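Here the structure comes first, spelled out in structure tokens, and everything after it is commentary.
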Amino acid sequence: MQLSFDVAADRLVAARLLRMQSAGASWAKSDPRRFDRAVAAVVETAQALAGAAHAAPPTERDAYWSEARRKLAPMDGPGTRQRWLARVALEWAAQGAPLDGPRLQCGACGMGRARGRWRGCGDARAAGRRKLPMPR
């Protein structure tokens, strides 16, 4: 269950991740609206964490994840649920494959897709050429 940077797909995965834990499953049944908002927050947080890790130099990424885990260590008190959601997002983002380069390439201009957005394809779009993703 890797982070895909496709919001719809990632929301399905996040909901499944949360429901796999007993607290998440009971929350989904007792308060579906709040659970849905929590799913959206987990996706947004996971994508932001993965994006920030990708922005760091590859040699510093392990330290980035370690520091994030330290800051989100479980603790009691106010914000316990939010911390739990952030921790789920953190571990989900951290377990994904490193984003060291584009995973897809545009068939029209050869530019890559990273973090859910096409980079540098404005020329291809303006010229009316179709973007065709190439397999990994």
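The values are calculated or read from the model by the stated rules, or taken from the named source; none is laboratory data. Quick caveat, the model's predicted, so the values are computed rather than measured. Glycine gets a Cβ as well: all are built from the backbone with ideal geometry, and neighbour counts include every protein chain shown.
Those helices (runs of 4 or more DSSP H) of the stretch 1-66 in which 2 or more residues are surrounded by 13 or more Cβ atoms within 10 Å (Cβ to Cβ) and in contact (Cβ under 8 Å) with a residue 24 or more places away in the chain occupy 7-19, 32-55.
Cβ-Cβ distances below 9 Å connect the following pairs, each with a first residue in the stretch 68-90 that is at negative phi, a second residue that is exposed (fewer than 10 other Cβ atoms within 10 Å of the Cβ) and modelled with pLDDT under 95, and a separation of six or more residues or different chains: Thr80/Pro74; Arg83/Ala73; Arg83/Pro74; Arg83/Met75; Trp84/Pro74; Arg87/Ala73; Arg87/Pro74.
All conditions but one from (1) loosely packed, with under 13 Cβ neighbours inside 10 Å; (2) in contact with a helix residue (DSSP H, G or I) (Cβ under 9 Å, 6 or more places away or on another chain) apply to Arg87; the one that does not is (1).
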